[in-house]
Amino acid sequence: MTTPDPGISNNTQAWLWLGAAALAAGLLYLLAPILAPFLCAATLAYILNPLVTRMSRRVPRTLAVCAALAIIAGVILVLLLVLLPLIVRQIKAIVTQVPQYVDWIRLHLGPLVQQYFGVELDTALVKDWLTEHTKEIQGVALSLLPSLKTGGLALLELAANLLLIPVVLFYFMRDWDGMLARVAELIPRNWSDTVSSLLKDIDAVLGEFLRGQLLVMLLMAVFYSVGLWLAGLNYALSVGLIAGFLTFVPYLGVIIGVVLATLMGLLQFGDLTHLMWIWLVFVVANVMEGNVFVPWLVGDRIGLHPVAVIFALLAFGQLFGFTGVLLALPASAALLVWLRRVRAKYLASGMYQGNNPAP
């Protein structure tokens with residue numbers, strides 16, 4: 001007579017899962033330098049999978065994936081051919097106006113510093129200092145020459161990653177459903193329903209966040225650019241694109257945009273009236289973002305506090321570099337869904353409701 005296999009105890013299972021999680025975190029940390037193209041491709045595949053799925057109802061999925069890749073390539077090509085030359089020309093124009101920046105500081109900022117702080121601000125001192133320390137500056141420049149090889153290797157690595165992303169993206173989009181099915185098969189059967197429900201909630205949150213945030217960034221870039229152009233700012237496109245594409249970090253886009261637009265407006269107009277129109281553009285844009293764009297495109301289901309977003313970006317960036325920045329917000333959104341589940345279970349537990357005696 002054989003005794004039934006008691007199986008693995010709950011405590012042993014808990015330690016096994018904890019060890020697996022620690023191992024996965026360690027591998028993620030060690031492999032962070034090479035994970036960036038795979039995370040980029042996985043994020044794009046996740047965003048584009050609904051489009052590929054709809055197209056695959058009429059054509060083979062491989063053909064639908066090729067069509068999606070062609071759309072991405074077309075968008076990138078348009079950006080390179082249309083926007084990049086405009087930005088380059090504007091940057092060159094800004095560089096040529098550096099002497100005007102120095103003159104403006106001497107004529108406007110210098111008297112104010114001398115009046116309120118008693119310090120004479122003489123821009124000629126900068127030129128004299130550079131002349132006196134020419135040899136030291138050359139020495140510093142020569143000391144940086146050995147790092148040029150490292151920089152060249154970094155550029156080669158960046159080029160390799162950019163070439164690797166579309167290849168990985170193709171296979172991710174083509175086999176997306178199959179990969180998810182194979183992962184689902186590995187989930188313990190008694191956890192299947194709970195994990196499936198949790199993953200559905202995470203999918204809803206991530207879908208709203210990633211797709212909605214991309215649209216918000218695009219709309220904010222267009223809003224800033226058009227608004228600053230109507231305000232008469234010469235470099236409206238450059239400032240608008242920078243401020244718009246940085247809106248995924250709370251307050252960073254508007255702060256950098258206001259600083260850049262104010263500096264350029266001071267040089268171009270030199271009066272407070274035009275600056276007030278420029279500032280009004282940012283005020284209206286942020287009102288629209290918080291009350292129209294984000295509720296409409298992203299929704300309120302995510303609930304990531306701005307402080308949590310900033311902390312997640314800094315923490316993941318510190319731990320995993322650029323790969324961590326890519327992983328920060330999706331991971332935070334998924335963790336938020338899990339914490340909501342934990343909170344709901346805690347509120348429904350006897351410990352919270354007072355059914356269990358205190359220890």
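Got a number for residues in region 243-278 being among the polar types (S, T, N, Q) and under 19 Å from ALA221 (Cα atoms)? Write out each step before concluding.
The first filter runs over region 243-278 and keeps only residues among the polar types (S, T, N, Q), leaving 247, 262, 268, 273.
Right, trim to under 19 Å from ALA221 (Cα atoms) and you get 247, 262.
Result for region 243-278: 2.
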So, first residue under 16 Å from LEU314 (Cα atoms) in region 245-256, second residue aliphatic (A, V, I, L, M) and modelled with pLDDT under 80, Cβ within less than 8 Å, six or more apart or across chains; the pairs are LEU246/LEU252; PHE248/LEU329; VAL249/VAL309; VAL249/ILE310; VAL249/LEU313; PRO250/VAL309; PRO250/ILE310
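Looking at region 198-228, which of its residues are among the small types (Gly, Ala, Ser) and modelled with pLDDT under 80? Explain how you work it out, then say what you get.
Step one: list which residues in region 198-228 are among the small types (Gly, Ala, Ser), which gives 204, 207, 212, 221, 225, 227.
Listed by number, the residues that qualify are ALA204, GLY207, GLY212.
Would you confirm, using the coordinates I've provided, whether ALA221 is closer than 18 Å to TRP296 by Cα and aliphatic (A, V, I, L, M)? Explain how you work it out, then say what you get.
On the way: closer than 18 Å to TRP296 by Cα: yes; aliphatic (A, V, I, L, M): yes.
Taking the combined requirement at face value, the residue satisfies it.
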Take TRP277 and decide whether it is surrounded by fewer than 14 Cβ atoms within 10 Å (Cβ to Cβ) and either at pLDDT 75 or above or more than 30 Å from ASP193 (Cβ to Cβ) (or both). no
What's the number of the condition GLU157 fails, among (1) at pLDDT below 70; (2) loosely packed, with under 12 Cβ neighbours inside 10 Å? (2)
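Out of all the residues in region 39-57, which are farther than 26 Å from ILE242 by Cα and either modelled with pLDDT of 90 or more or in a helix (DSSP H, G or I) (or both)? Quick ask: steps written out before the conclusion?
The initial filter retains those residues of region 39-57 that are farther than 26 Å from ILE242 by Cα, namely 49-57.
Matches in region 39-57: ASN49, PRO50, LEU51, VAL52, THR53, ARG54, MET55, SER56.
Please determine whether any residue of region 203-223 is over 30 Å from TRP338 (Cα atoms), assigned to a helix (DSSP H, G or I) and free of Cβ contacts under 8 Å to residues at least 24 places away in the same chain. Outline the logic, then answer.
Kept after step one, since they are over 30 Å from TRP338 (Cα atoms), are these residues of region 203-223: 219-223.
The next check asks that each one be assigned to a helix (DSSP H, G or I); those that pass are 219-223.
Filter once more, so that each one left must be free of Cβ contacts under 8 Å to residues at least 24 places away in the same chain: 222.
Looking through region 203-223, at least one residue is over 30 Å from TRP338 (Cα atoms), assigned to a helix (DSSP H, G or I) and free of Cβ contacts under 8 Å to residues at least 24 places away in the same chain.
The values are calculated or read from the model by the stated rules, or taken from the named source; none is laboratory data. The structure displayed is predicted, hence computed values, not measured ones. Note that we place each Cβ from the backbone using ideal geometry, even for glycine, and neighbour counts take in every protein chain shown.
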